[in-house]
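Trainee: This is the structure, below, for whatever I ask next.
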Amino acid sequence: MKRTVLQMLRISAEKYPQTAYTNQKGEKGWDGMTYPEVLHESRFLAAGLHQIGMNKGDKVAILAEGRNRWITGEFGILFAGGTTVPLSIKLMPDEVLFRLNHSESKAIIVSRNTFEKVASIWTQMEFTKKIIILDDDLSPIEKDCKVFGINIEKDILRYTDILNAGKHEFEEQESYLDQTEAEILEEDVVTISYTSGTTGDPKGIMLTQLNYHSNCTDAMEYFNLPVGHRLYIILPLDHSFAHTVAIYAALLRGLSLYFVDARGGGVQTLKNIPINMVECDPHFILTVPALSGNFMSKIKDGVAAKGKFVNGIFNAGLNAGIRMNRDGFHKAGFLVRMINYIPYKLAEVLVFKKVRLIFGKNIRFLVGGGALLDIRQQVFFYSIGVPVYQGYGLSEATPIISANTPDVHKLGSSGKVIPNLICKIMLPDGTEAAKGVQGEVVIQGDNVMKGYYKNPDSTAKTVKDGWLYTGDLGYYDKDNFLMVVGRGKALLISTDGEKYSPEGIEEAIQNSSDLVLQAMVYNDMRKYTSAIITLDSAKVSRYAAKHKIADAEVLLKAIKQDFYKFKETAEYRNQFPEKWVPSTFQIVDEPFTEQNHMINSTMKMVRFKIQEVYHDKIEVMYTPDGSNSVNEINLQTIKKYLPFNQ
């Protein structure tokens, strides 16, 4: 039997005939589609797509929020013999355009919320001739069609119309679809997923039928999820982690997916997250550090609002739990558990149990991916009874490489490598590193991408003799857990050639500081390390007002002290070699955002862009005046935060 995602869908439709595979919020509640319904609708859609001219090998992009029709849309394209190009709804129009033109997508599937973004680049599309809209009512897009010169009758196709046409002509199309499916090979490309471009132009990662089949099978065997669990989908479906686990791995265990309600756009979607979470009552949630960090802040603020007594019980229980659990793999001894049992149990009964209800009544855990998960988040959630199990992956690996699980986990690690995958730590001289020695993470397995689309040079540099060179640095600890420390391409490099990942230091600064919002640590063959930082404007203003600070130098010294607070924080004390701790910093006015292209769609800093924009400020830090963060440029920058203009 061929190992394809289409075969996975067919098997799941037989094994879980009554289970709702996908669920989205509608006017009358949650609208679900069973596994057989998804299979049948996808086939009807494929027939309709073929009728409008889609042929085997054609690419179709998808730019929409998670919903039932996202899933059937992707499977419909695959059943028609095509390849999907999943795009992030957070991309700017010019970024969407690059991906459409580079992938040579013949059509793009959009929602009402994303239509304007696509309409604005309509005349610049080289290959994309049709826009397929998921929503039935076209009246909200009529104005944009007129503004951007789109013929609503000729250029726009409704998903519903394609589906109905496919149903009507299905008998005539069925033999063609069966033949197309029979000819699909394991090495055929399912998706072209573009990198976020943190270190240069985005590259199109070609992931095959076998890539997805093997990665899902191996991950599910390792994680051993129960059949029928509910999974709440907050992450966008283009995210490689959500794409693999939600769309495909779900097939192996008959999971039920629930999508956050995106009707009404971005702001309303954010408001819907906690509401939908309680409604769908998930067993687990996929998350990224930015999302779980937001959960943690909201929980802390909510508990603090209950007053000193409740907050005191919460913090005492939290700290007791941290001491008892340690890293989750090595638990505390009997004496420590006995001493901390009462404050922990008191917090569990009075506070933790209620806190967990924000995730629903059946929450078991969260699974974290996308970036390094700060240890403070890990011990926090583990202590309150909603552990976040960190994994490690790469889009080029489909993406799962390793994971912590409820059965085997160690806080601070990236877990153990999933079955049927070989993972080595390689040194620059080409030899394999000993245990505990840091090097590049290199993997081999059926989950390794086919290559970068239309980019053989980058493919050859990344995949060598079947081995994927991740560019990430890591090592195996004494308990054989994989410890990933950061991106090789984002390394700090000292004058003597020594290298170090900045991500841990950046996380420490941002998580410990009250006033610093973001930090990009920098050293490129310089005599000391520096940082470009942004401030939390509201907090800095409140701090200046509360402490009646009218002198810019006094405020700047307070910011400097706050910047280095991580050095005295228990989790980070003595964790970083002094040569990599920034000796100075420059404050910039504008936060790093997606709008200014300094944050990408997966919420990671685009380092080369920040360095490019703030080149002059970086150079200032290596002058006698700039070597001290209390300098004239920073003083001028922060004057706006003082209670009155100076």
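The values are calculated or read from the model by the stated rules, or taken from the named source; none is laboratory data. None of these values were measured; they are calculated from a predicted model. Because the Cβ atoms are built from the backbone with ideal geometry, glycine has one as well, and the counts that use them run over all protein chains shown.
Trainee: Would you point out which residue out of Ile285, Ile273 is of a type in the set (Val, Ile, Thr) and assigned to a strand (DSSP E or B)?
Mentor: Ile285
Trainee: Another question, then. Determine the pairs where a residue that is among the charged types (D, E, K, R) and modelled with pLDDT under 95, located within segment 303-332, has a partner that is surrounded by 15 or more Cβ atoms within 10 Å (Cβ to Cβ) and outside any loop (DSSP other than H, G, I, E, B) with Cβ atoms under 8 Å apart, the partner being 6 or more residues away or on another chain.
Mentor: Hits for this filter: Lys331/Met324; Lys331/Asn325; Lys331/Arg337.
Trainee: Ok, one more. Where in segment 139-225 are there strands (runs of 3 or more DSSP E), lying fully within it, with 1 or more residues that are among the small types (Gly, Ala, Ser) and crowded, with 19+ Cβ neighbours inside 10 Å?
Mentor: Ranges flagged: 189-194, 204-208.
Trainee: Next question, about the same structure. Those residues that are out of contact with any Pro (no Cβ under 6 Å at 6 or more places or on another chain) and small (Gly, Ala, Ser), I need them from segment 504-536; list them, please.
Mentor: Gly504, Ala508, Ser512, Ser513, Ala519
Trainee: Going by the conditions given, is Leu257 in the same structural domain as His40 (by TED's automatic domain parsing), assigned to a strand (DSSP E or B), in contact with a Leu (Cβ under 8 Å, 6 or more places away or on another chain) and touching a residue at least 40 places away in the same chain (Cβ under 8 Å)?
Mentor: Yes.
Trainee: Of all residues in segment 430-458, which are touching a Gly at 6+ places or on another chain (Cβ under 7 Å), in a strand (DSSP E or B) and more than 20 Å from Ser240 (Cα to Cα)?
Mentor: Glu440, the sole residue that qualifies.
Trainee: Oh, and also: Kindly establish whether Thr584 is closer than 14 Å to Ile509 by Cβ and either modelled with pLDDT under 90 or of a type in the set (S, T, N, Q) (or both).
Mentor: Against the criterion (closer than 14 Å to Ile509 by Cβ and either modelled with pLDDT under 90 or of a type in the set (S, T, N, Q) (or both)), Thr584 qualifies.
Trainee: Would you point out the residue of segment 487-512, among those that are surrounded by 19 or more Cβ atoms within 10 Å (Cβ to Cβ) and β-branched (Val, Ile, Thr), that is nearest to Gly393 (Cα to Cα)?
Mentor: Per the stated criteria, the residue is Ile505.
Trainee: If you check Val484, Val521, Val540, Val554, which single one turns out to be among the β-branched types (Val, Ile, Thr), surrounded by fewer than 18 Cβ atoms within 10 Å (Cβ to Cβ) and at negative phi?
Mentor: The unique qualifying residue is Val554.
Trainee: Based on this model, can you work out whether Ile233 counts as assigned by TED's automatic domain parsing to the domain that holds Trp30, farther than 24 Å from Arg3 by Cα and surrounded by 22 or more Cβ atoms within 10 Å (Cβ to Cβ)?
Mentor: Yes.
Trainee: Sort out which residues of segment 77-103 are more than 24 Å from the chain's Cα centre (by Cα) and not in a loop (DSSP other than H, G, I, E, B), and write them in order of number.
Mentor: Listed by number, the residues that qualify are Ile77, Leu78, Phe79, Asn101.
Trainee: Can you confirm whether segment 51-60 contains a residue that is surrounded by 24 or more Cβ atoms within 10 Å (Cβ to Cβ) and of a type in the set (S, T, N, Q)?
Mentor: no
Trainee: Taking segment 462-488 on its own, how many of its residues are under 21 Å from Gln444 (Cβ atoms), outside any loop (DSSP other than H, G, I, E, B) and not hydrophobic (A, V, I, L, M, F, W, C)?
Mentor: 11
Trainee: Which one of His597, His547, His615 is closer than 29 Å to Lys499 by Cα and exposed (fewer than 15 other Cβ atoms within 10 Å of the Cβ)?
Mentor: Answer to the selection: His615.
Trainee: I would also like to ask the following. Does Ala490 count as of a type in the set (A, V, I, L, M, F, W, C) and within 29 Å of the chain's Cα centre (by Cα)?
Mentor: yes
Trainee: Please work out which residue is surrounded by the fewest Cβ atoms within 10 Å (Cβ to Cβ), limiting yourself to segment 420-456 and to residues that are of a type in the set (Asp, Glu) and modelled with pLDDT of 95 or more.
Mentor: Ranking the qualifying residues of segment 420-456, first place goes to Glu432.
Trainee: Next question, about the same structure. If you go through segment 270-293 one residue at a time, do you hit one that is among the aliphatic types (A, V, I, L, M), out of contact with any Phe, Trp or Tyr (no Cβ under 7 Å at 6 or more places or on another chain) and buried (at least 17 other Cβ atoms within 10 Å of the Cβ)?
Mentor: Yes, segment 270-293 contains at least one residue that is among the aliphatic types (A, V, I, L, M), out of contact with any Phe, Trp or Tyr (no Cβ under 7 Å at 6 or more places or on another chain) and buried (at least 17 other Cβ atoms within 10 Å of the Cβ).
Trainee: Out of everything in segment 11-38 that is of a type in the set (A, V, I, L, M) and not in a helix (DSSP H, G or I), what residue ends up being surrounded by the fewest Cβ atoms within 10 Å (Cβ to Cβ)?
Mentor: Met33
Trainee: Sort through Pro387, Pro399 and tell me the only one that's more than 28 Å from Glu279 (Cβ to Cβ) and in contact with a helix residue (DSSP H, G or I) (Cβ under 9 Å, 6 or more places away or on another chain).
Mentor: Pro399
Trainee: Name every residue in segment 335-370 that is surrounded by fewer than 20 Cβ atoms within 10 Å (Cβ to Cβ) and either modelled with pLDDT under 95 or assigned to a loop (DSSP other than H, G, I, E, B) (or both), in order of residue number.
Mentor: Residues satisfying the conditions are Gly360, Lys361, Asn362, Arg364.
Trainee: Would you pick out the residues in segment 104-138 that are part of a helix (DSSP H, G or I) and either more than 22 Å from Gly66 (Cα to Cα) or not small (Gly, Ala, Ser) (or both)?
Mentor: Arg112, Asn113, Thr114, Phe115, Glu116, Lys117, Val118, Trp122, Thr123, Gln124, listed by residue number.
Trainee: Residue by residue through segment 323-334, note down the ones that are in a helix (DSSP H, G or I) and under 28 Å from Ala403 (Cβ atoms).
Mentor: Arg323, Met324, Asn325
Trainee: From Glu65, Glu41, Glu74, grab the single residue that is surrounded by 24 or more Cβ atoms within 10 Å (Cβ to Cβ), touching a residue at least 12 places away in the same chain (Cβ under 8 Å) and not in a strand (DSSP E or B).
Mentor: Glu74
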